[in-house]
Ligand SMILES: Cc1cc2nc3c(=O)[nH]c(=O)nc-3n(C[C@H](O)[C@H](O)[C@H](O)COP(=O)(O)OP(=O)(O)OC[C@H]3O[C@@H](n4cnc5c(N)ncnc54)[C@H](O)[C@@H]3O)c2cc1C
Ligand code: FES
């Protein structure tokens with residue numbers, strides 16, 4: 001079936017691969033032009049995540065080869081870079097290993113066994129702290 | 001309902017709120033907090049970590065929602081300008097006028113700026129708030145040279161921060177003749193000075209600063225002796241001034257050195273007004289540390305709640321505080337406690353000085369030799385906690401003092417042996433005022449992990465210095481309760497590695513997902529996945545990439561190769577015993593040339609080929625396997641190599657054929673997965689050319705047979721292997737190795753080498769001998785059978801991988817362009833071979 005009929009608009013979504021190409025509870029690397037994107041499938045929760053493949057720590061193209069997992073009471077999904085095991089939230093892109101790194105994360109959707117990755121990174125800019133406080137005082 | 005206003009939302013002001021909420025009956029008080037800074041109270045003690053990337057959020061004591069839930073009105077960025085004691089109101093900058101029944105002054109202190117000309121110039125800063133640090137960091141961008149005024153505790157911390165920011169040259173300017181004049185004696189100051197020079201700090205003592213040079217912007221500083229120092233930035237850290245200006249304006253008495261005068265209940269002259277923290281002066285003393293501030297918060301809080309009008313009597317008073325300090329973050333251990341300066345007529349001295357390594361210690365012992373009165377430590381202060389306890393609890397000193405002066409070395413009795421001798425009332429966490437008894441009680445009540453203890457008692461949440469003692473106390477208490485210390489592998493499994501091993505074996509679980517489903521929570525993580533995968537492999541020895549177990553493997557195991565800088569992989573075929581034919585050498589040479597790999601002889605007597613693209617791995621291995629090679633498991637926590645010397649076949653000293661025995665042993669245990677990697681060696685005589693005594697198990701030929709050594713280690717913490725059994729025939733030697741390895745596999749913690757495992761094994765090598773040789777556990781037969789079983793399942797992982805298309809397809813860099821290699825990988829030439837481009 002042609003996915004454009006399914007409503008996937010080619011402008012905003014990139015066809016990455018077939019769902020079956022991605023291992024359960026692990027990642028693969030997707031080439032999108034010159035960009036490398038890490039795509040992960042969490043089988044237990046049947047959730048898909050995508051992030052930049054570049055680990056900001058030592059600039060290694062490696063996140064797709066990292067171990068996935070979850071952290072905290074709300075089981076936030078994460079990936080650990082194979083190089084020095086820095087971990088990153090796949091929801092927010094924040095580094096969870098106590099450093100200020102931030103990676104880009106992208107929306108993913110699956111239709112008809114096709115996996116699509118959004119072109120537009122998920123926005124993770126939160127209101128700046130001081131603005132919050134100013135509103136209160 | 002009584003109305004409380006807290007002026008100042010710093011560490012102590014916050015602590016007061018926290019204690020009030022915890023102690024006061026619900027609905028009895030309404031608290032309003034007025035803070036000058038734009039953000040809620042944060043951990044000022046760890047302010048410097050902000051420079052190293054800790055976020056403001058992470059330093060925050062409690063989130064805004066905490067105040068909300070507690071029903072506290074929090075106004076930030078709105079300082080109080082005036083107190084009207086008659087009307088019992090305060091007025092804030094924004095014009096709020098708020099009435100109070102009780103007023104708490106928790107205004108802390110401000111950095112003291114000495115009267116120097118030109119401090120208003122651009123590039124001159126103080127070091128007290130997050131805002132200060134933001135300004136410093138923004139300004140420091142183009143700065144090459146900076147100076148810190150003040151060589152005390154805070155000044156040195158600030159100076160180290162300047163180095164961390166990346167300023168090329170940082171000077172410390174101190175007025176006194178030595179650094180940390182209030183804590184260190186002359187010799188200690190001198191050692192500290194040489195240590196700091198090694199960190200790249202330039203220290204100038206006896207320097208009286210006269211003025212800041214430069215037009216609008218600082219270009220240097222000039223001293224009273226007219227000498228000058230050119231710098232682009234100045235951070236002033238010469239001390240603190242209590243913020244007592246509001247109280248003074250309201251007519252409250254202040255101390256001779258500043259600070260709002262308070263009584264033992266933290267009350268000012270006005271019974272409706274209390275002062276706590278750094279703004280308070282108790283008996284003329286201002287306390288510039290957080291622990292006494294917290295104690296003051298506690299005293300004020302209990303006094304308010306136990307209002308005498310309500311009939312309750314309150315015994316809690318503030319009685320002064322020990323000012324012992326340990327400098328953090330500076331990269332040099334410095335500590336002082338008690339009275340560090342006592343002279344020979346008042347104390348005997350124990351002095352240790354090592355100029356080579358820059359260590360200086362001085363203990364002041366009472367004239368009768370019984371008690372510790374104070375001391376100084378520079379360069380090495382691991383005994384600080386211990387000594388502080390002797391001093392604070394007036395505990396009689398042990399006869400020999402060397403154990404107090406020197407850090408326990410590894411292999412000695414475990415640290416904390418003295419902890420059981422502490423009285424129950426001993427203060428373990430001085431920041432939060434938590435005693436030994438309280439911590440032990442918390443453990444007995446079921447708070448067995450450090451996190452639980454912290455949450456329950458708050459101990460360890462301040463400066464964190466007591467955390468090692470908390471661990472020891474928890475371990476000790478659990479032991480007296482007949483309980484094991486919890487060794488959960490991670491948040492997803494409430495089991496130790498040993499418990500999981502038993503469960504997996506008993507229930508025959510064969511994949512990570514099964515184990516997670518039955519015994520874990522969440523999705524697992526990078527800690528539990530490899531641990532469980534390793535147990536599965538040790539137990540069943542099934543090809544690790546089958547059954548969807550591939551993504552549960554450590555990253556190197558998942559691709560059966562070691563990932564290297566830049567993202568390429570290395571290829572290491574097994575060369576058992578280091579023996580290889582010329583034909584096989586040719587194969588390696590051919591393959592390495594074809595795929596453009598860098599080759600290197602390894603320490604384990606084999607050949608490592610570096611720089612392989614992920615997608616080339618199956619092709620490379622296909623060629624190697626066709627030529628008779630097997631995987632070398634260099635990527636796994638498993639048997640690496642069995643090194644050998646050439647032995648009796650060629651060597652004129654050799655007693656037995658060490659090469660043949662090494663090959664036999666390597667082939668026997670190849671592919672066996674263990675809690676950590678294991679290495680072995682066989683030497684043909686006592687000259688020990690194979691270095692068997694540095695291996696996890698090593699064998700040395702004797703006149704009568706083989707000596708078997710175990711639990712040695714090279715690496716970062718070298719440790720000699722210990723003799724397990726002597727003069728064994730080959731068969732018995734192998735049987736003992738089987739037993740030894742099985743016992744290790746079953747009982748070791750994750751990622752624990754045999755050396756560390758033995759160090760922790762109660763009874764040590766003597767007990768191990770009983771287990772392995774005398775079979776005191778009665779398990780040896782079972783273990784030998786199990787070992788036989790596991791070994792019989794061996795298959796070359798790489799052979800299995802290239803023969804299985806579903807596994808083979810994973811060896812592609814791009815899922816949607818399997819033929820393309822990672823274009824970002826960069827190699828450069830070095831000594832005619834290739835190497836990866838450097839880390840960026
Ligand atoms: C870099 C650094 C390192 C330190 N290291 C250590 C250490 O290792 N160990 C240790 O014990 N201590 C250390 N300290 C000291 C410790 O931080 C203080 O003892 C502690 O913060 C005191 O708490 P406080 O609440 O009394 O004062 P503060 O934390 O200073 O809080 C006072 C607050 O009141 C506000 N305020 C003042 N006037 C008004 C007003 N009129 N209206 C409203 N708000 C007002 C201030 O803006 C401030 O936010 C360190 C301090 C610094 C700066
Ligand atoms: S490169 Fe990713 S953690 Fe270091």
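The values are calculated or read from the model by the stated rules, or taken from the named source; none is laboratory data. Computed from a predicted model, the values in this text were never measured in an experiment. Cβ atoms come from the backbone with ideal geometry, glycine included; neighbour counts cover every protein chain shown.
Evaluated against (1) in contact with a strand residue (DSSP E or B) (Cβ under 6 Å, 6 or more places away or on another chain); (2) within 14 Å of ligand 1 (Cβ to nearest atom), residue B:116 falls short on exactly one condition, (2).
Just for segment B:1-29: of the residues that are modelled with pLDDT under 90 and over 14 Å from residue B:73 (Cβ atoms), which one is nearest to the chain's Cα centre (by Cα)? The selected residue is B:22.
Which one of the conditions (1) modelled with pLDDT under 95; (2) surrounded by fewer than 21 Cβ atoms within 10 Å (Cβ to Cβ) does residue B:690 fail to meet, given that it meets all the rest? It is condition (2) that residue B:690 fails. Just so you know, in segment A:72-82 the residues that are within 16 Å of ligand 2 (Cβ to nearest atom) and facing another protein chain (nearest Cβ under 7 Å) include one that is surrounded by the fewest Cβ atoms within 10 Å (Cβ to Cβ), and it is A:82. Being near ligand 1 (Cβ under 10 Å from one of its atoms), surrounded by 14 or more Cβ atoms within 10 Å (Cβ to Cβ) and within 21 Å of residue B:301 (Cα to Cα) is a condition met by at least one residue of segment B:88-99. Looking only at segment A:106-115, decide whether some residue is in contact with a strand residue (DSSP E or B) (Cβ under 6 Å, 6 or more places away or on another chain), within 11 Å of chain B (Cβ to nearest Cβ), within 16 Å of ligand 2 (Cβ to nearest atom) and at pLDDT 90 or above. Checked against the condition, which is being in contact with a strand residue (DSSP E or B) (Cβ under 6 Å, 6 or more places away or on another chain), within 11 Å of chain B (Cβ to nearest Cβ), within 16 Å of ligand 2 (Cβ to nearest atom) and at pLDDT 90 or above, segment A:106-115 yields no hits at all. Can you spot a residue in segment B:491-508 that is more than 29 Å from residue B:381 (Cβ to Cβ), assigned to a loop (DSSP other than H, G, I, E, B) and in contact with a helix residue (DSSP H, G or I) (Cβ under 7 Å, 6 or more places away or on another chain)? Yes; the residues of segment B:491-508 include at least one that is more than 29 Å from residue B:381 (Cβ to Cβ), assigned to a loop (DSSP other than H, G, I, E, B) and in contact with a helix residue (DSSP H, G or I) (Cβ under 7 Å, 6 or more places away or on another chain).
Residues are listed down the side, and each one gets a yes or a no for (1) within 16 Å of ligand 1 (Cβ to nearest atom); (2) within 41 Å of the chain's Cα centre (by Cα); (3) within 14 Å of chain A (Cβ to nearest Cβ):
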{"position": "B:215", "(1), (2), (3)": "no, no, no"}
{"position": "B:222", "(1), (2), (3)": "no, no, no"}
{"position": "B:243", "(1), (2), (3)": "yes, yes, no"}
{"position": "B:289", "(1), (2), (3)": "yes, yes, no"}
{"position": "B:302", "(1), (2), (3)": "no, yes, no"}
{"position": "B:306", "(1), (2), (3)": "no, no, no"}
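Within segment B:122-132, is even one residue part of a loop (DSSP other than H, G, I, E, B), within 10 Å of ligand 1 (Cβ to nearest atom) and either within 14 Å of chain A (Cβ to nearest Cβ) or under 26 Å from residue B:2 (Cβ atoms) (or both)? Scanning segment B:122-132 turns up at least one residue that is part of a loop (DSSP other than H, G, I, E, B), within 10 Å of ligand 1 (Cβ to nearest atom) and either within 14 Å of chain A (Cβ to nearest Cβ) or under 26 Å from residue B:2 (Cβ atoms) (or both).
Inside segment A:28-39, residues that are within 8 Å of chain B (Cβ to nearest Cβ) and buried (at least 24 other Cβ atoms within 10 Å of the Cβ) make up a count of 3. Taking the criterion of being in contact with a strand residue (DSSP E or B) (Cβ under 6 Å, 6 or more places away or on another chain) and either assigned to a strand (DSSP E or B) or modelled with pLDDT of 95 or more (or both), the residues of segment B:694-704 that qualify are B:695, B:696, B:697, B:698, B:699, B:700. For segment B:18-65, how many residues meet the condition of being out of contact with any helix residue (DSSP H, G or I) (no Cβ under 8 Å at 6 or more places or on another chain), part of a helix (DSSP H, G or I) and under 21 Å from residue B:128 (Cβ atoms)? Qualifying residue count for the region: 1. Here segment B:30-43 is the region considered, the condition is being at pLDDT 95 or above and more than 10 Å from chain A (Cβ to nearest Cβ), and the residue that is farthest from ligand 2 (Cβ to nearest atom) is B:30. Note on segment B:825-836: among residues that are more than 14 Å from chain A (Cβ to nearest Cβ) and surrounded by 13 or more Cβ atoms within 10 Å (Cβ to Cβ), the one that is farthest from residue B:592 (Cα to Cα) is B:827.
When we screen B:758, B:768, B:791 for residues that are closer than 18 Å to residue B:539 by Cα, touching a residue at least 40 places away in the same chain (Cβ under 8 Å) and not assigned by TED's automatic domain parsing to the domain that holds residue B:541, the only hit is B:791.
Consider residue A:100 carefully, then state whether it is more than 8 Å from chain B (Cβ to nearest Cβ) and without any contact (Cβ under 8 Å) to a residue 24 or more places away in the chain. Here the answer is no, as residue A:100 does not meet what is asked. The residues on offer are B:51, B:102, B:83, and the sole one that is away from ligand 1 (no atom under 14 Å from the Cβ), surrounded by 14 or more Cβ atoms within 10 Å (Cβ to Cβ) and either at pLDDT below 95 or more than 10 Å from every other protein chain (Cβ to nearest Cβ) (or both) is B:102. Those strands (runs of 3 or more DSSP E) of segment A:14-84 in which at least 1 residues are away from ligand 1 (no atom under 16 Å from the Cβ) and over 16 Å from residue B:523 (Cβ atoms), considering only elements entirely within it, cover A:26-32, A:35-42, A:47-52.
Of the helices (runs of 4 or more DSSP H) lying entirely inside segment B:547-662, the ones with 3 or more residues being within 14 Å of chain A (Cβ to nearest Cβ) and under 30 Å from residue B:511 (Cα atoms) are found at B:555-558.
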